[in-house]
1. Take region A:150-178 and flag every residue that is within 12 Å of chain B (Cβ to nearest Cβ) and closer than 15 Å to residue A:190 by Cβ.
2. Return yes or no: is residue B:230 over 29 Å from the mean Cα position of the chain (by Cα), over 30 Å from residue B:66 (Cβ atoms) and modelled with pLDDT under 90?
3. Could you tell me whether residue A:28 is away from chain B (no Cβ under 14 Å), farther than 26 Å from residue A:136 by Cβ and buried (at least 19 other Cβ atoms within 10 Å of the Cβ)?
4. Give region A:128-149 a look and list any residue that's of a type in the set (S, T, N, Q) and at the interface with chain B (Cβ under 8 Å from one of its Cβ atoms), or say none.
5. Quickly run through region A:185-210 and pick out the residues that are exposed (fewer than 15 other Cβ atoms within 10 Å of the Cβ) and assigned to a strand (DSSP E or B).
6. For region B:139-151, give me each residue that is surrounded by 17 or more Cβ atoms within 10 Å (Cβ to Cβ) and either modelled with pLDDT under 90 or not hydrophobic (A, V, I, L, M, F, W, C) (or both).
7. Do the conditions hold for residue B:402, that is, is it of a type in the set (A, V, I, L, M, F, W, C) and in contact with a strand residue (DSSP E or B) (Cβ under 9 Å, 6 or more places away or on another chain)?
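The values are calculated or read from the model by the stated rules, or taken from the named source; none is laboratory data. Please read these numbers as outputs of a predicted model, since none were measured by experiment. Here the Cβ is made from the backbone with ideal geometry for all residues, glycine too, and neighbour counts use every protein chain on show.
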Amino acid sequence: MLSDVSLTVAEGDVTALVGPSGGGKSTLLRCLNGLDGFESGEVTIAGHRLLAGSHSPDVLEALRQDVGMVFQQFNLFPHMTAIENVSLSPRVVKRLPAGEARSQAMRLLERVGLGSFADARPATLSGGQQQRVAIARALAMKPRVMLFDEPTSALDPAMAAEVLDVILDLARAGQTMMIVTHDHLFARRAAANVVELVGGRVTAVSKKTPPGTGVPGGAH
Amino acid sequence: MAAVWLCGLASVVPAAELAEVLACRELVWAADQEGGGPHVFPDPKNPEQVKGFEVDLAAMLALEISRASGGRSVHSRMQQGQWDRLPLLVGRVADCVLNGIELTPERQRDYHCSRPYFAYGLQLLSRRDGPLVSLEKFTSPGPTGRWKVGVLTGSAAESFMRNRIDFQIDVIGYDGTIDCMEQVTSGVLDATVLDDCIASFYADRFVHLRAVGRPFAGGFYTILTARDTPHLSAAIDVALGRMIAGGGLEELYDRWDLAGRQQILLLRDATEIPPAQQRSLLELAHDSLPLLMASAGMTVLLSFAAMPLAIAIGLSLAIGRLYGPLALRPFMAGYVELLRGTPLMLQLYAIFFLLPKIGLALPALVAAIAGLALNYSAYESEIYRAGLKAVPGGQFEAALSLGMTKWQALRHVIVPQAVRIVMPPVTNDFIALFKDTSVCSVITVIELTKRYSVLALSTGRIMELAIVTALLYLAMSWPLSLLSHWFEHRLAQRGSPFGKA
């Protein structure tokens with residue numbers, strides 16, 4: 001699948017991964033938070049290090065508290081309301097008291113423009129609304145890096161625009177992000193770096209702004 | 001040719017009269033070989049064959065009947081059935097019932113009863129080293145509270161013991177007398193009351209038991225035939241008369257160590273028993289409904305206690321097989337195959353009759369609930385395994401990517417969804433378990449079906465009581481059905497796992 005990929009990304013940067021289907025973009029992203037494994041090389045992200053082969057659950061759990069992910073199919077928990085979706089992990093993983101988790105979740109939902117939908121169930125929300133809840137849910141863990149796996153591929157243009165607005169908002173706030181997308185226009189608008197992957201290899205890297213200072217994270 | 005055709009007809013017309021019996025040259029008598037000796041039991045040397053004094057008596061009877069008619073010889077053939085349901089076989093698959101059937105007014109009302117062929121007494125048996133020294137001891141409680149006394153369901157012993165309301169006893173009905181004797185030996189029962197001829201027959205096998213006091217109460221055995229076969233009934237009575245007068249019966253009893261001389265003296269002096277009174281349908285309903293309702297309560301108790309246990313065990317097993325340690329998975333799979341692959345009845349027997357032998361004696365109710373729960377847990381584990389696998393993989397990934405451990409993801413995200421997905425087959429199983437509680441009667445738990453069968457046979461109102469019983473079952477399982485639909489509806493409202501794209 002992937003071979004000979006070497007990348008370094010600075011904190012605060014937004015990186016877009018583009019390329020044809022099957023090129024390995026999603027695979028690369030999923031290697032960064034351990035959902036997929038790799039046979040050689042290593043990943044250093046948000047201060048966590050993953051080596052080749054199988055990863056220990058403790059390492060992965062710690063890493064995933066600092067690295068959030070948003071999926072193409074949203075993957076909201078259908079048996080919970082929007083606000084329950086967002087407050088679940090802070091309560092269960094970070095042991096936040098229920099009241100605090102709830103008010104934090106409310107703030108996040110308002111930030112993505114869905115404050116009035118807090119008690120709605122995912123089945124009653126549109127695709128764009130669901131994806132925005134998913135973003136809020138990932139943000140609830142206060143991750144240092146956010147990973148987006150084709151966030152708008154399952155949405156029509158109008159809904160895609162809602163989601164992209166949220167992502168741009170996050171970029172302006174300085175969130176380090178890596179976004180896999182087919183949307184080249186969006187890639188150029190939102191991302192400082194655009195990396196092209198074809199056939200499992202990096203074929204082009206273009207940078208919009210000079211590389212930032214700070215602690216570099218990267219995959220190589 | 002005509003004889004063969006007649007034989008075929010004989011299985012279609014409701015009652016086989018003497019003419020058919022002679023034409024087919026076969027007297028079919030119904031008995032239960034599980035009932036044991038000395039009546040009818042499998043030959044230890046050749047278990048395909050049955051032995052017993054009634055086997056010999058049936059053969060002798062068939063011979064006498066054919067001699068009397070002057071035709072060719074008639075042989076006897078045994079038809080196997082469960083003891084407390086043997087009378088139902090008369091006129092259908094058997095010509096008569098010959099198996100220690102006690103002569104009672106109720107039986108005389110429903111069937112034709114032959115002249116007595118054996119006099120029995122009731123014998124109290126208890127452990128050799130036990131505190132029970134006489135029948136009168138039952139009037140005060142035993143060392144552990146009320147005495148536990150086992151009896152054969154539907155027998156005269158059961159009626160006698162249940163009628164003695166002055167006794168501080170719990171009467172427990174079993175399907176066989178040997179079971180009773182075994183349970184006294186293992187300490188589950190304090191005593192058993194059974195026919196004296198059975199007690200002496202098995203005296204050598206159950207050395208830890210002894211007879212307490214002399215035989216008491218008692219009565220006569222009779223041969224049952226259908227009311228609409230008067231010629232056959234008469235022929236049997238005539239044959240018995242000749243066997244008693246001619247000495248053949250006395251010789252038979254001496255061969256089986258059954259005190260031939262005394263028997264013949266008693267049989268010659270047997271007096272008439274007054275016929276039973278008819279009861280109206282209203283009286284029947286008034287008497288049986290409270291009993292049926294109480295047993296319905298037992299059915300409900302068994303179901304509502306066993307199912308949650310089955311679900312808990314099944315869910316744990318399913319999670320273990322999909323997410324637990326690899327080393328344990330073959331054992332869990334083996335457990336499921338064992339419990340799914342063997343009959344519930346066998347499992348109940350094992351729990352109730354075998355476990356006491358290794359020191360674990362569970363009360364019947366606990367054993368029944370445990371048996372039902374374990375058996376159904378195997379089925380539920382397969383259902384939940386399917387449910388867990390049906391939750392979309394993205395759910396697990398989303399939970400993990402939020403930093404949850406595998407077990408947190410299961411608990412908060414996967415299992416709640418899996419449980420909703422498989423709600424229909426699980427409630428279906430609940431309704432099935434409801435009906436399966438009737439199997440628990442084999443380990444002495446009186447639930448609704450058993451109560452029905454005991455009442456039906458003792459009152460003879462088989463059809464009427466069947467309708468009432470069926471209505472009671474429906475009255476209980478229909479609300480369950482409604483409840484499960486309501487559950488499904490509620491959970492569907494909360495969102496299916498397959499969200500909008």
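1. none
2. Judged against the criteria, residue B:230 is not a match.
3. no
4. Residue satisfying the conditions is A:130 alone.
5. Within region A:185-210, A:201, A:203, A:204, A:205, A:206, A:207 meet the criteria.
6. B:142, B:148, B:150, listed by residue number.
7. The answer is yes for residue B:402.
Residues are listed down the side, and each one gets a yes or a no for (1) modelled with pLDDT under 95; (2) buried (at least 19 other Cβ atoms within 10 Å of the Cβ):
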{"residue": "A:140", "(1), (2)": "no, yes"}
{"residue": "A:154", "(1), (2)": "yes, no"}
{"residue": "A:157", "(1), (2)": "yes, no"}
{"residue": "A:170", "(1), (2)": "yes, yes"}
{"residue": "A:173", "(1), (2)": "yes, no"}
{"residue": "A:182", "(1), (2)": "yes, no"}
